[in-house]
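Trainee: Structure below; questions to follow.
The values are calculated or read from the model by the stated rules, or taken from the named source; none is laboratory data. Remember, it's a predicted structure, so these values are computed and weren't measured experimentally. Neighbour counts run over all protein chains shown; Cβ positions are idealised from the backbone, glycine included.
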Amino acid sequence: MNQPGQAAPAAILLDDVHLKLTSAAGEVNILRGIDLTVAAGEALGVIGPSGGGKSTMMMVIAGLEKITSGAVRTAGVDLNGLSEDDLARFRRDHVGVVFQDFHLIPTMTALENVAVPLEFGGADDAFDRARAGLRAVGLEHRLQHYPGQLSGGEQQRVALARAFSPEPSILLADEPTGNLDGDTGGQVMDILFDLHDRSGTTLLLISHDMQLAHRCGRIVRLADGRIDAASEGAEI
């Protein structure tokens with residue numbers, strides 16, 4: 001428990017994070033000394049050119065990519081040195097992820113897609129919580145529909161319900177409207193920020209859309225593996 005006057009631990013903390021990968025052309029520096037702190041409950045927008053390291057940084061935060069050097073703490077957990085099984089349990093308990101591609105299981109209904117991670121987490125009320133999650137994104141009338149029977153916007157709303165229903169402390173969203181048209185993408189983002197506001201979940205949003213990024217309280221710009229500018233939601 002924090003003592004009076006003591007700051008709460010950061011939801012996300014990257015300290016001098018480097019990531020190098022080996023390719024046919026030699027060693028490639030993907031992340032080059034990233035320092036980043038995201039407070040609990042904060043909404044952070046991450047912008048920058050393609051290939052600048054945004055998605056890789058998100059994968060590092062989620063424990064889906066291991067760093068070469070530095071330190072990563074997500075939801076108060078030091079990810080360095082954790083086994084793959086430990087990392088899987090960490091993600092199950094703390095992190096929700098929404099990708100540009102919906103990653104729904106095509107042979108499962110919307111309800112089943114949302115319930116699966118809850119069941120894996122041992123929830124006795126997985127289907128009740130899945131129904132509530134789909135109701136929160138306006139899809140209570142689509143519970144028994146398969147992904148192939150849903151529009152792109154509806155599929156992304158199912159993905160949002162799946163990410164939020166386990167009540168993660170951190171939500172990572174990587175270009176969540178990238179495969180949607182403008183109107184549909186706007187509706188999905190309205191739902192995402194509404195869920196963020198209601199749940200108090202820490203949100204890290206990667207987007208090429210500056211208008212969406214500016215809906216976050218703060219923005220950082222990542223280019224060439226480095227954070228080169230930051231602001232409190234103002235001009236970059």
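Trainee: Counting just the residues of the stretch 36-90 that are part of a strand (DSSP E or B) and touching a helix residue (DSSP H, G or I) at 6+ places or on another chain (Cβ under 7 Å), which one comes out nearest to residue 213 (Cα to Cα)? Explain how you work it out, then say what you get.
Mentor: Of the residues in the stretch 36-90, the ones part of a strand (DSSP E or B) are 36-38, 43-47, 69-74, 77-78.
Those left that are additionally touching a helix residue (DSSP H, G or I) at 6+ places or on another chain (Cβ under 7 Å): 43, 45-47, 72, 74, 77.
On the way: 43: 9, 45: 5, 46: 7, 47: 7, 72: 24, 74: 22, 77: 27 Å.
Among those that are part of a strand (DSSP E or B) and touching a helix residue (DSSP H, G or I) at 6+ places or on another chain (Cβ under 7 Å), it is 45.
Trainee: Still on this structure, please answer the following. Would you confirm whether any residue within the stretch 147-157 is among the hydrophobic types (A, V, I, L, M, F, W, C) and modelled with pLDDT of 95 or more?
Mentor: yes
Trainee: Just wondering, is there one or more residues in the stretch 65-85 that are free of Cβ contacts under 8 Å to residues at least 12 places away in the same chain, farther than 24 Å from residue 21 by Cα and surrounded by fewer than 20 Cβ atoms within 10 Å (Cβ to Cβ)?
Mentor: Taking every residue of the stretch 65-85 in turn, none turns out to be free of Cβ contacts under 8 Å to residues at least 12 places away in the same chain, farther than 24 Å from residue 21 by Cα and surrounded by fewer than 20 Cβ atoms within 10 Å (Cβ to Cβ).
Trainee: Which condition does residue 200 not pass, out of (1) at pLDDT below 95; (2) over 26 Å from residue 86 (Cβ atoms), if it passes all the others?
Mentor: So the condition that residue 200 fails would be (2).
Trainee: Now for a separate question. Which one of these does residue 193 not meet: (1) touching a Lys or Arg at 6+ places or on another chain (Cβ under 8 Å); (2) of a type outside the set (D, E, K, R); (3) buried (at least 21 other Cβ atoms within 10 Å of the Cβ)?
Mentor: (3)
Trainee: Give the residue, chosen from 94, 103, 141, that is over 20 Å from the mean Cα position of the chain (by Cα) and either of a type outside the set (Asp, Glu) or at pLDDT below 95 (or both).
Mentor: On inspection, the qualifying residue turns out to be 141.
Trainee: Right, next: Quickly run through the stretch 169-194 and pick out the residues that are among the polar types (S, T, N, Q) and in a helix (DSSP H, G or I). Lay out the reasoning, then the answer.
Mentor: Step one: list which residues in the stretch 169-194 are among the polar types (S, T, N, Q), which gives 169, 177, 179, 184, 187.
Those that are among the polar types (S, T, N, Q) and in a helix (DSSP H, G or I): 184, 187.
Trainee: Can you pull out the residues in the stretch 139-168 that are among the small types (Gly, Ala, Ser) and in a helix (DSSP H, G or I)?
Mentor: Within the stretch 139-168, 148, 152, 153, 159, 161, 163 qualify.
Trainee: Of all residues being in a helix (DSSP H, G or I) and of a type in the set (Asp, Glu) in the stretch 111-138, which is nearest to residue 93 (Cα to Cα)? Just the residue, please.
Mentor: Going through the qualifying residues, I end up with 119.
Trainee: Given the structure, is residue 41 of a type in the set (Gly, Ala, Ser), in contact (Cβ under 8 Å) with a residue 40 or more places away in the chain and crowded, with 18+ Cβ neighbours inside 10 Å?
Mentor: So residue 41 fails the test.
Trainee: Does residue 14 meet the test of being in contact (Cβ under 8 Å) with a residue 24 or more places away in the chain and outside any helix (DSSP H, G or I)?
Mentor: The answer is yes for residue 14.
Trainee: Another question, if that's okay. Going through 119, 167, 84, 154 one at a time, which residue ends up being in contact with a Ser or Thr (Cβ under 8 Å, 6 or more places away or on another chain) and charged (D, E, K, R)?
Mentor: Criteria check complete, one pass: 167.
Trainee: Restricted to the stretch 98-114, and to residues that are of a type in the set (A, V, I, L, M) and touching a helix residue (DSSP H, G or I) at 6+ places or on another chain (Cβ under 6 Å), which residue is surrounded by the most Cβ atoms within 10 Å (Cβ to Cβ)?
Mentor: Per the stated criteria, the residue is 114.
Trainee: Related question: Going through the stretch 84-101 one residue at a time, which ones are touching a Pro at 6+ places or on another chain (Cβ under 7 Å) and of a type in the set (A, V, I, L, M, F, W, C)?
Mentor: 95, 98
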